[in-house]
Structures are given as C-alpha cells and as structure tokens.
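Coordinate-derived values only; no laboratory data. Values in this document were obtained by computation on a predicted structure and should not be read as measured data. Here the Cβ is made from the backbone with ideal geometry for all residues, glycine too, and neighbour counts use every protein chain on show.
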Amino acid sequence: MPVEIAGVEAGAIEEFVRRNEREALKTLFNFNVVWHEQRHDFAARDGELVVGVATIRIAASLAHVERAIVLLERRRAGIGRALLERAAEVANYYNCHKMSALVPHRSAAQLFLERCGYKEEAVLPQHTFKLDVAAMRKFLL
C-alpha cells in the first residue's frame, strides 16, 4: 500500500513525536538517551515595550541559542548581552556545560557573540541559504 506524504500544521505531529521520539533518538545515538528538552524564552522590556527577545533550547546538558533579537534602534546598548547572560544563568541552573549558536560566518552576529565570550567551533560551508555558517560555543562550567 503506497504511503501519502503531505504537509501538515505544526500541532498535527506532536502526539506522534511524543510517542516515538525516545526510541528514534536511541537508534540515532546508539544508546539510551535521557532527552528532557526544554525551551526557555526571555524578553527585555522597557516599560510595556518589548525591546529584545531570546530563546534557548536545553537538552542533554547542552543549551542552544535559537534566537536573540533586539530592536534596531536599541542595539549596542547591552540588551543582547543581558539576554544571553540571563539565558546562561538558566542553562547553568540545568547543569549545561556549554551554550551554542549558529550564525553566518564572519558576520556582525559572529562578532557580537565573540564579544560575549563565544568561540568559533567550526565553519559549516554553504550550510544555510548557501552561506558559510559559524558554529559558536561558550563553555559555562
């Protein structure tokens, strides 16, 4: 019987993933994975106005910066650094030994992360949008 492949809305696969992901990870890594993934969102507010946000995902003692966004007119005022520092505090609480981020290689984002203590771990050639991507990391412990 042929299988139909179709695009679905994000919520349509959550139950399937919940039931099957642990076994898939065990197969992928060839050992039992305790994979309590968490997402943490942070906002920088000036009164009621949100001027910046950051999101990290934590899994297997690693934190990954998914996003760090600051309003253009509020950049270079320490908001992005403060968001990443708060994210690192949460990552430390969960015993993460490092935080990682992927950014375009030799970009302003990479320079910003370097000023925040991140180091280039690898360069992935033509990884995203046919651009070289720098895999950045910062050890926490």
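Summary table
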read-out: Estimated vicinal HN-Hα couplings, Hz - the range 125-141 in sequence order (Karplus 6.51, -1.76, 1.60; Gly, Pro = x); value: x, 6, 7, 10, 6, 6, 10, 5, 10, 8, 8, 9, 8, 9, 6, 9, 9
read-out: In sequence order, calculated HN-Hα J values of the range 15-23 (Karplus, 6.51, -1.76, 1.60; Hz; x Gly/Pro); value: 5, 4, 4, 4, 6, 10, 5, 4, 5
read-out: Cα-based convex hull volume of the range 10-139 per residue, rounded to whole Å³; value: 152 Å³
read-out: Integer Hz, Karplus 6.51/-1.76/1.60 couplings in order for the range 2-12, x for Gly and Pro; value: x, 9, 8, 9, 9, x, 9, 6, 3, x, 5
read-out: Alpha-carbon centroids, the range 60-133 and the range 1-33: separation in whole Å; value: 28 Å
read-out: Where labels lie 7 Å past Cα in the beta-carbon direction, separation of residue 8 and residue 107 in nm; value: 3.1 nm
read-out: Partners for residue 98 among lysines (Cα-Cα distance below 19 Å; same-chain residues under 8 apart left out); value: 119, 138
read-out: Amide H within-cut-off set for residue 105, under 5 Å, with H built and near neighbours excluded; value: 132, 133, 134
read-out: Crossing angle, helix 79-93 versus the chain [Cα axis fit, 0-90 degrees, rounded to tens]; value: 50 degrees
read-out: Relative contact order of the range 10-139, pairs being alpha-carbon contacts under 8 Å that are 6 or more residues apart, as %; value: 16 percent
read-out: Built amide H within the under 5 Å cut-off of residue 51, gap 5+; value: 44, 45, 46
read-out: Choice from 129, 112, 16 with maximal GNM fluctuation in the chain (Cα, 10 Å cutoff); value: 16
read-out: In the range 7-66, GluC sites (Glu not before Pro) in a DSSP loop with at most 12 other beta-carbon atoms within 10 Å; value: 9, 37, 48
